[in-house]
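Please read the structure below before turning to the comments.
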Amino acid sequence: MKTTLSVVIVTFRSNDIIIDCLRSIKLFNDIGAYLEVVIVDNSEREIFNELKVIVNKEWGDFVNIVWSGGNYGYGAANNIGINHAKSDIILIMNPDARLSQKCFNTVLAKFSKNSFLSLYGCKEYDEDLKIKNSFFYKMEYHSIFRVMFLNKILNYLNLFDSAKMYLNGAFFFVRKSHFLDAGGFDEKIFLYAEEPDLSQRLSNLNPFGVIEYDHSIGYIHLKKISANSVATLTHAVDSAVYYISKYGFDVNKYVKSRWRYSVFKRFLSFIMGRKEDVQIYKYISEYLKTKYLKQQ
């Protein structure tokens, strides 16, 4: 039986949350045996072995679990998973994402009807069904107003502009043939900025290519216990600067905007009594100043 949809999930020390992710896929699977799931684990070998035992016991051949050999980044692991996938239509899904409705037949029909469709994103909610950001402005359009206010308003109104925005990477569908033609994920990006980079290359490859957002299909993305940390924000900054440089956008403009945003977030954190976030944004503003602004 030919596989028509492959779900690719990259995990890193995610054994505690991946099981519910898999159960949601099984619960809302409306294409039966035409579906396959590929897990690529970036964790240490011992953690991978533990996950493999758990997954094989409950799902058997339904899930193909692969060890990446080490943590070489989100994009690199997804490239491994997509190369293992048997279908031309791929759902890239985070382990902390959950299906909340049947949608596979609908999405497959969309890709079948439009051969130019490359990326297809859906509406993101948290577990309390509050609207989250399903798309973001690309880094070259970064500003405090867009990040803090406009992006949230546009998400609420479902106003997505594929020329200036990119889909949330927690849950989106991609045509494998287009993905491979564009070169896959850039493995020089360890974490963050993979999605705008892929969108940019897909658009450059095919001016008629379609990146679509469908707010009628929803999924759940769990709230993060700690959304910000020095490590995650440092990765985000470095990846964004790499992306901006790669396409010849104004690095200095972005870095200054990101620095102002970090200073503003530090001030807000102080007002709200979030001492940990004050220190995090202090570090990031100094990091931007020292590593990038002093080089200008």
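A few points about this structure:
- Peptides 121-129, 35-43, 280-288 ranked from most to least packed, by the mean per-residue count of other Cβ atoms within 10 Å: 35-43, 280-288, 121-129.
- Dipole of the chain, positive end: most advanced residue of Cys21, Phe149, Gly75 [Cβ charges, Cα centre]: Phe149
- Of all aspartates and glutamates in the structure, the ones whose alpha carbon falls short of 12 Å from that of Lys224, not counting any fewer than 8 places away in one chain, are Asp96, Asp126, Glu127.
- Additional length obtainable on full extension of the chain from Asn206 to Phe62, 0.36 nm per residue less Cα span: 48.4 nm
- Taking 0.36 nm per residue of separation and subtracting the current Cα-Cα distance, fully stretching the chain between Phe264 and Lys130 would add 45.7 nm.
- Taking a ≥ b ≥ c as the square roots of the eigenvalues of the Cα gyration tensor, the stretch 174-296 is classed as oblate, since a/c reaches at least 1.5 and a/b does not exceed b/c.
- In degrees, nearest ten, helix 194-205 long axis to first principal axis of the chain (Cα): 80 degrees
- The stretch 49-208: Cα Rg divided by the 2.2 N^0.38 Å rule of thumb: 1.10
- Estimated from helices alone, the mean residue ellipticity of the chain at 222 nm is -14000 deg cm²/dmol (sum of -39500 (n - 2.57) over DSSP H runs with n ≥ 4, per residue).
- For the chain, accessible area per residue (1.4 Å probe, heavy atoms of protein chains only), Å²: 48 Å²
- Across the stretch 5-49 the C-alpha pair distances fall into 10 Å bins from zero in the proportions 25, 50, 22, 3 percent.
- Here Ile31 and Ser143 are evaluated by their C-beta separation; at R0 = 30 Å the FRET efficiency comes out at 0.10.
- Its Cα centre serving as origin, the chain has a Cβ charge dipole (Lys and Arg +1, Asp and Glu -1) of approximately 980 debye.
- Computed over every Cα-Cα pair of the chain and binned at 5 Å starting from 0, the pair-distance distribution P(r) comes out as 1, 5, 11, 15, 18, 17, 14, 9, 5, 3, 1, 0 percent.
- Antiparallel beta bridges, as assigned by DSSP with both residues in the chain, represent about 40 percent of the total such bridges.
- Apportionment of accessible area to carbon and sulfur, the stretch 188-296, percent (1.4 Å): 58 percent
- Overall Cα dimensions of the stretch 157-227 - principal axes, largest extent first, Å: 36, 30, 21
- The stretch 1-122 - Kirkwood radius from inverse mean 1/r over Cα pairs (Å): 14.7 Å
- Dipole in debye (nearest 20) - the stretch 1-106, about Cα centre, beta carbon charges: Lys, Arg +1; Asp, Glu -1: 220 debye
- Taking amide H positions as modeled 1.01 Å from N, with prolines and chain starts lacking one, no residue 5 or more places away or on another chain lies under 5 Å from Val63.
- The stretch 1-112, accessible surface, carbon-and-sulfur percent (1.4 angstrom probe): 51 percent
The values are calculated or read from the model by the stated rules, or taken from the named source; none is laboratory data. Please read all numbers here as calculations on a predicted model, not as lab measurements. Cβ coordinates were reconstructed from backbone atoms using ideal geometry, including for glycine residues, and neighbour counts include every protein chain displayed. Note: areas computed on protein heavy atoms with side chains; ligands, DNA, RNA excluded. Shrake-Rupley method; radii C 1.70, N 1.55, O 1.52, S 1.80 Å.
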